[in-house]
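This report concerns only the one structure given below.
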Amino acid sequence: MIRPSALGDVCRTVPVLASLRAAFPTARIDWLVDERYVPAIASHPAFRPQEADPGAEVGGPIPFPRTGMPVSRLVSPFSAGRVSRRLLRRLLDDLRARQADLAVDCQGLGRSGFFAFWSRAPVRVGYANAAEFAWLGLNHRVPVQRDMHTVDRMLALVESLGVPPIRDMRLYSDPQDRDSALRLDPRIADGPFIIVAPSSRWPGKRWPADRYAQVIEGLIAADAAAHIAVVAAPSERDQCGPILDLARRSPRVIDLCGRTSVGQLLALVERCAALLANDSAALHMAVGFNRPFVALFGPTRIELVGPYRRERDVIQAFPPPRGASHKDERIGLEMMKAIPVDRVLRAMLERVRPTA
């Protein structure tokens, strides 16, 4: 399997893994994935063969190294520095040494198509309309409609091989990550907690931080949970100003911004009473653990890339204009600012207090 990134997309690619395991119960299954996101899938039981000889080698994640090997250098590997070339060479040698019988390009970009080709797998399956000429690395090109949800598009690839699709979105955390997540702050173990994930690299996906703070204050006033844990990537902490101000004033708000690893975030989402987030990786983790959540969406087509089969849990002010993208900051901010605080608070209370 080839799906290096992004974290949310990695989380929602697990149905392909489940489908392949059911179809090939004794096979070794490996997954080329960004080294930062290995914890999101490493504990998945489908990596283990259902029937294996004693001592048989078990598959698992193949870490795609990012340190010292930027994406731009992968596009033109011959211009890469010495360290980058060495890392790339090591990865390519590893891929070829595995002697795969099947390579499934779930990403559909030039990089993933190149890795499929380099694997020398006799069957290399991917999208016939893959971007960046990725289809050149494939010998089993599947025409898949673009108006399908991304999970169904990926499953269509293996279905074309006669593999029945299994829409199992479940994720699995590591026990060590569960233990270390509890040690991040003693308040986490002190009763149920709600996670708020307010940040995004894309401005058009961000709901104003002061509105998140208002919702948090409303949840505290309603005694909806013992604590509210706020999470964000280290580089996105500056997006959370009003929320962090609230955390400094209220002991019921836990500031975890920039403090969680991928594995710890996975463990926290698994344990939380509910999640409030924009279109982010934390949201897709909540799908994988079947947690209650409210997702705030801007100019993104929910039916294509929203939380899989959880569209009812999405709040979107109005349908995005035709051709709009999450990269369109103007329309994105317009749509996100049109989502009112009271609607979000009401939706969250319905999920943490369903009988209220």
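Read-outs throughout are calculated quantities, based only on the coordinates presented, and are distinct from any laboratory measurement. Predicted model, so just to flag it, every value in this text is computed and none were measured. No Cβ is skipped: glycine too gets one built from the backbone with ideal geometry, and neighbour counts run over all protein chains shown.
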For the stretch 138-148, take each phi angle, set θ = phi - 60°, evaluate the Karplus expression 6.51 cos²θ - 1.76 cosθ + 1.60, and give the result in whole Hz per residue in order, putting x for glycine and proline. 10, 10, 9, 9, 9, x, 10, 5, 7, 8, 9
Amide H to amide H under 5 Å from ASP34: which residues, 5+ apart in sequence or cross-chain, H placed 1.01 Å off N in plane? SER5, PHE64
Built amide H within the under 5 Å cut-off of ARG124, gap 5+: ALA103, ASN139, HIS140
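Can you pull the semi-axes for the stretch 175-352, root of five times each eigenvalue of the Cα gyration tensor, sorted largest first, whole Å? Walk me through the intermediate numbers first.
Numbers: eigenvalues 124, 58, 48 Å².
After scaling each eigenvalue by five and taking roots: 25, 17, 15 Å.
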Return the calculated 222 nm mean residue ellipticity for the chain, to the nearest 500 deg cm²/dmol, obtained by summing -39500 (n - 2.57) across DSSP H runs with n ≥ 4 and dividing by the residue count. -10000 deg cm²/dmol
Hey, what does the equivalent ellipsoid look like for the stretch 199-273, semi-axes from the Cα gyration tensor as sqrt of 5 times each eigenvalue, largest first, whole Å? 19, 17, 11
Distance-filtered residues of the stretch 159-178 - backbone nitrogen under 20 Å, label point 7 angstrom along GLU51 Cα→Cβ: 163-164
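Find the relative contact order for the stretch 128-175 and round it to a whole percent, using C-alpha pairs within less than 8 Å whose residues are 6+ positions apart.
Working: 20 pairs, mean separation 10.7, N = 48.
With pairs under 8 Å counted, the relative contact order is 22 percent.
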Among LEU155, PRO198, GLN145, whose Cα projects farthest towards the positive end of the dipole of the chain, with charges put on the beta-carbon of Lys, Arg (+1) and Asp, Glu (-1)? GLN145
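Quote the convex hull volume per residue of the stretch 7-159, based on C-alpha atoms, as a whole number of Å³. All intermediate terms of the calculation are to be shown ahead of the outcome.
On the way: hull volume 17.5 nm³, N = 153.
Considering the Cα atoms of the stretch 7-159, their hull volume per residue is 115 Å³.
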Karplus (6.51, -1.76, 1.60) ³J(HN,Hα), θ = phi - 60°, over the stretch 193-210, in Hz, Gly and Pro reported as x: 9, 9, 9, 10, 10, x, 9, 7, 6, 9, x, x, 9, 8, 7, x, 4, 5
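Output needed for the chain: three equivalent-ellipsoid semi-axes, defined as square roots of 5 times the C-alpha gyration tensor eigenvalues, in descending order, whole Å. Could the numbers behind the result be given before it?
Details: eigenvalues 261, 100, 81 Å².
The equivalent ellipsoid of the chain has semi-axes of 36, 22, 20 Å.
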Once amide H atoms are placed 1.01 Å from N in the peptide plane, what residues at a sequence separation of 5 or more from PHE293, or on another chain, have their amide H within under 5 Å of its amide H? LEU275
